[in-house]
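Presented below is the structure to which this report refers.
The values are calculated or read from the model by the stated rules, or taken from the named source; none is laboratory data. Please read these numbers as outputs of a predicted model, since none were measured by experiment. A quick note on method: Cβ atoms are made from the backbone with ideal geometry, for glycine too, and the neighbour counts reach across all protein chains shown.
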Amino acid sequence: MRRWVSVLVLLLLGFVVGPVTSAPIASASAEADALRGDLDKILADPRLTDAHAGVVVRDPETDEVLYDKQAEAPVTPASNAKLLTSAAALEELGPDYRFNTQVQAAAPRDGSVLRGDLYLRGTGDPTMRPADYDRLAEQVAASGVRTVQGRLLTDDTWFDNVRLGTGWDPADEPYPYAAPISALTVAPNEDFDAGTVQLRVSPTPVGAPVQVETEPATGAVRLDVQATTGQPDSLSTLQVTREQGSDRVIVSGSLPAGSEPVEELTTVPDPTAYAGDVFARALRAHGVEVAETGSGVVPADADVLAEHESMPLRELLTPFLKLSNNGHAEVLTKAMGRQARGEGSWPAGIEVITERLAGLGLDPAALHLVDGSGLSPMDEVSPEQLTLLLDNARQRPWFADFHAALPVAGEPDELVGGTLRNRMGDTAAAGNVHAKTGSLTGATALSGYVTAANGRPLVFSVIFNDYRDAAPTDLQDAIAVRLAEHSGADEQSRRPATVLRKIVPAAGADSGLECSWIKSC
């Protein structure tokens, strides 16, 4: 009782209350009775009969918990783990943090000849596109270098050499959402899917092998084109698969004659070598002769010949969270470890994340994280801890950037709606709910912010594990819509079917993956 009296006194005096902590769940007031009844009905869906359904709804202005079910039980959060990583990164690295990529040399110059090695050094920038490497090459050429007598050496030692996260499914290795992590990499597209190559497959005359081009041009993968062009009215059976642990990419199946080219992403086995290859080609395009490439560490006395800085973290948050980009989460995790511990590794980064989250009111003992993206099924966190984070983040100076970077329900622009662009349209939640999605096989989550119909801000977390059949994202959406419709003490309970009729099933729900990973939203 003394705790709540103290909180009330502080509020009346106009003081700022410190971070909310994992105090015992408060009893909801009478005005939430109808809301509780409706959420219970939604969660009574048969698909959740044998599932774990954890739900918390909190009023951050009063610290009142309006609803909780299995609130404290740790569950697989899927990509809701990115809420933890992004908040910790904003705390540790700061909103203005930028990745840096440099071209350096310590060898003497003889006119236009560099009599030694040229180094490409990275710090993890996941937004480095081919055009950025081209601009670096242009700077090198502008410095007067025309011939490199040594080698072009890549230095990725800012991070360790562990490429794939703990618990990641080896079968996911060829797919862009599980791309390898390195301090040097290339992103071929505007979504910044670093560590991948984009293949453009075009039909040819019937019966002939299809045409395959890579973007960017690279030798980082070996193409094995087995696919042929089928009859104009045939179905496409085209498949692109990289062999596990190999640089061999098999293009198989059939593509109908006369059809539009198909674009597919595949990961590369060695992102550092990929970056070196793309940069070497850019150097040659700008008249800088490079004979060999390899790897090495930049000498301490090296001079900087060219440099590129990434967008600041506050801007990177948008593609990171809107599109649920796993690679962004992992490089930020390793960057935190490097900055705070001098070690760009997952263990060091997770240690820093846990410490920063403790400073935001979370209980370190209630967190079990092995990566930053939530791709590992070994990650565990409770809905209660996620709502504490969402609640306490509202008091941080970076909150506006964090909130704006979350997907917005029903907003069609990819970089506004993100993974929620096709969900909750034409409901009270559209343009209102700012929340992070999460999807893995057997796990789906939705956690974020909504303004209720009575004007009260709410934070919520809904995590389902071990459900039947496809991911029941429609039930998550129904809960979010019901919260958006919450009007307080005078509202009446409504049938859950009334809410569910407004919900369109989420794109890609059957796949068990985030829709942005399979480019279906």
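Just one of (1) of a type in the set (Lys, Arg); (2) in a loop (DSSP other than H, G, I, E, B); (3) more than 26 Å from the chain's Cα centre (by Cα) trips up ARG163, so point out which.
The one condition ARG163 does not meet is (3).
Please enumerate the residues belonging to segment 189-225 that are assigned to a loop (DSSP other than H, G, I, E, B), under 25 Å from ASN100 (Cβ atoms) and either among the small types (Gly, Ala, Ser) or touching a Pro at 6+ places or on another chain (Cβ under 6 Å) (or both). Walk me through how you get there before you give the answer.
The initial filter retains those residues of segment 189-225 that are assigned to a loop (DSSP other than H, G, I, E, B), namely 189-195, 203-208, 210, 216-221.
Filter again for under 25 Å from ASN100 (Cβ atoms), leaving 189-195, 216, 218, 220.
Scanning segment 189-225 gives PHE192, ASP193, ALA194, GLY195, PRO216, ALA220.
Return the residues of segment 412-427 that are over 20 Å from LEU386 (Cβ atoms), crowded, with 17+ Cβ neighbours inside 10 Å and over 15 Å from the mean Cα position of the chain (by Cα); say none if nothing qualifies.
Within segment 412-427, ARG421, ASN422, GLY425, THR427 meet the criteria.
Considering only segment 423-498, give the strands (runs of 3 or more DSSP E) lying wholly within it that have at least 2 residues that are more than 23 Å from ASN325 (Cβ to Cβ), at pLDDT 95 or above and not acidic (Asp, Glu). Before you say what the answer is, go through the steps one by one.
Details: elements: 434-440, 443-451, 457-465.
Those strands (runs of 3 or more DSSP E) span 443-451, 457-465.
Restricting to segment 220-237, give me the number of residues that are touching a residue at least 24 places away in the same chain (Cβ under 8 Å) and either loosely packed, with under 14 Cβ neighbours inside 10 Å or polar (S, T, N, Q) (or both).
Here the count works out to 7.
ALA348 - would you say it is farther than 30 Å from ASP134 by Cα, assigned to a helix (DSSP H, G or I), in contact with a Pro (Cβ under 8 Å, 6 or more places away or on another chain) and without any contact (Cβ under 8 Å) to a residue 40 or more places away in the chain?
No; evaluated as a whole, the condition is false for this residue.
Among the candidates ALA400, ALA430, ALA435, ALA453, which residue alone is more than 17 Å from the chain's Cα centre (by Cα) and surrounded by 17 or more Cβ atoms within 10 Å (Cβ to Cβ)?
The match here is ALA430.
Name every residue in segment 62-84 that is over 27 Å from ALA470 (Cα atoms) and at pLDDT 95 or above, in order of residue number.
Those that are over 27 Å from ALA470 (Cα atoms) and at pLDDT 95 or above: VAL65, LEU66.
Considering only segment 24-129, give the strands (runs of 3 or more DSSP E) lying wholly within it that have at least 1 residues that are under 21 Å from the mean Cα position of the chain (by Cα).
100-105
Does at least one position in segment 245-261 carry a residue that is out of contact with any helix residue (DSSP H, G or I) (no Cβ under 6 Å at 6 or more places or on another chain), assigned to a loop (DSSP other than H, G, I, E, B), of a type in the set (Asp, Glu) and in the same structural domain as ASP125 (by TED's automatic domain parsing)?
Checked segment 245-261: no residue is out of contact with any helix residue (DSSP H, G or I) (no Cβ under 6 Å at 6 or more places or on another chain), assigned to a loop (DSSP other than H, G, I, E, B), of a type in the set (Asp, Glu) and in the same structural domain as ASP125 (by TED's automatic domain parsing).
Considering only residues that are among the polar types (S, T, N, Q) and closer than 23 Å to GLY245 by Cα, which ones fall in segment 120-168?
Matches in segment 120-168: THR154, THR157, ASN161, THR166.
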